[in-house]
1. Any chance you could tell me what percent of the C-alpha pair distances in segment 3-203 go past 23 Å?
2. Please compare each pair in Lys6/Lys187; Lys18/Lys203; Lys18/Lys147; Lys6/Lys100; Lys213/Lys237 to a cut-off of 28 Å on the Cα-Cα distance and tell me which ones are over it.
3. I want to check the label-to-label distance for Val175 and His21. Put each point 7 Å from Cα in the C-beta direction and report it in nm to one decimal.
4. Using Cα-Cα distances under 8 Å and only pairs 6 or more residues apart, what relative contact order does segment 3-203 have, in percent?
5. Hey, could you get me the Stokes-Einstein D for segment 180-241, Kirkwood radius over alpha-carbon pairs, 20 °C and 1.002 mPa s, rounded to whole µm² s⁻¹?
6. What do you get for the angle between helix 158-169 and the principal long axis of the chain? Use alpha-carbon atoms, 0 to 90 degrees, nearest ten.
7. I need Glu82, Glu239, Glu138 ordered by Cβ neighbour count within 10 Å, fewest first.
8. For an R0 of 22 angstrom, estimate the FRET efficiency from the Cβ-Cβ distance between Asp61 and Lys100 and round to the nearest 0.05.
Amino acid sequence: MNDLEKYFTENTGRLIHKWKHYFEIYDRHFSRFRGTDIHMVEFGVSQGGSLQMWKEYFGPDARIFGIDINPYCKKLEDEQIEIFIGDQEDRSFLRSLKEKIPRIDILIDDGGHTMRQQINTYEELFSYINENGVYLCEDLHTSYWPKWGGGYKKRGTFIEYSKNFIDYMNAWHSVQSGRLSVTDFTKSVHSLHYYDSILVIEKRPIEKPFDLKTGTPEIPDFHPPTSPLKSLRGRLKREIERLTRHSTGK
Ligand SMILES: C[S@@+](CC[C@H](N)C(=O)[O-])C[C@H]1O[C@@H](n2cnc3c(N)ncnc32)[C@H](O)[C@@H]1O
């Protein structure tokens, strides 16, 4: 049991509500920030117990920011803990947080869990996360729950939306398609970690990837024979792509 789960299990203070398997995930991605002057933001304050847990876990130099729509949450402020009241679906409120919070190293979205709330929060704040920071959106099971706007493979769910991140991260390898380009996302995301109900995005400045070889070859390379029909199809496809690019000026 890691320190976070121990804290949670032994908690007799303010209420914390988390799924049991989340603690291993938090510790895996957050432990490197312990003992630093980390700035953490958690959407979803509820009774304030998780903010107390983060404060204890990260230590005395950490600053913890909680966001909630419930005005009573403001009462739960404490040393190292600031709370802002607003609706995470409201883009102008989300943008205003950048003026109030000087830096974000970790953002946890444990707010209202609707599709719009999760997408708006990601779209407004992801680029504001520190270049070596972590974005964690939890309770993604709502992407499958109709009451929250979810449904299996339903367009507009956060899960479906986030599946595009896999392409954006790999855009270096598909620029020739003309449909995918290298963006800030490609250049700032090191890895995507999908767990049950959680997506963790680890940021890191990324250079164009390249491959290298070391050692000495011992056997000849093998090139499987291509059927004449297959190679003709390939040539035709490349020619169509070239002409399309030429006519659209791309
Ligand atoms: C799951 S609870 C948070 C649990 C807390 N993080 C914990 O670990 O104990 C969800 C919280 O999100 C808040 N919330 C719901 N809709 C919201 C919205 N649109 N904007 C901001 N907060 C919202 C609720 O008031 C509630 O306090």
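1. Numbers: 8908 of 20100 pairs.
Looking at segment 3-203, the distances longer than 23 Å represent 44 percent of pairs.
2. The pairs that break the limit, which is 28 Å between Cα atoms, are Lys6/Lys187; Lys6/Lys100; Lys213/Lys237.
3. Distance between label points: 3.9 nm.
4. Numbers: 339 pairs, mean separation 29.6, N = 201.
Reported relative contact order: 15 percent.
5. Details: Rh = 16.8 Å.
Using the Kirkwood radius from Cα pairs, D works out to 127 µm²/s.
6. 50 degrees
7. Numbers: Glu82 16, Glu239 10, Glu138 25.
Going from least to most buried by this count: Glu239, Glu82, Glu138.
8. Values: r = 19 Å, r/R0 = 0.88.
Computed FRET efficiency for Asp61 and Lys100: 0.70.
None of the figures in this text is laboratory data; all of them are computed from the coordinates on show. The shown structure was predicted, so the numbers you read here are calculated from the model rather than taken from an experiment. Glycine gets a Cβ as well: all are built from the backbone with ideal geometry, and neighbour counts include every protein chain shown.
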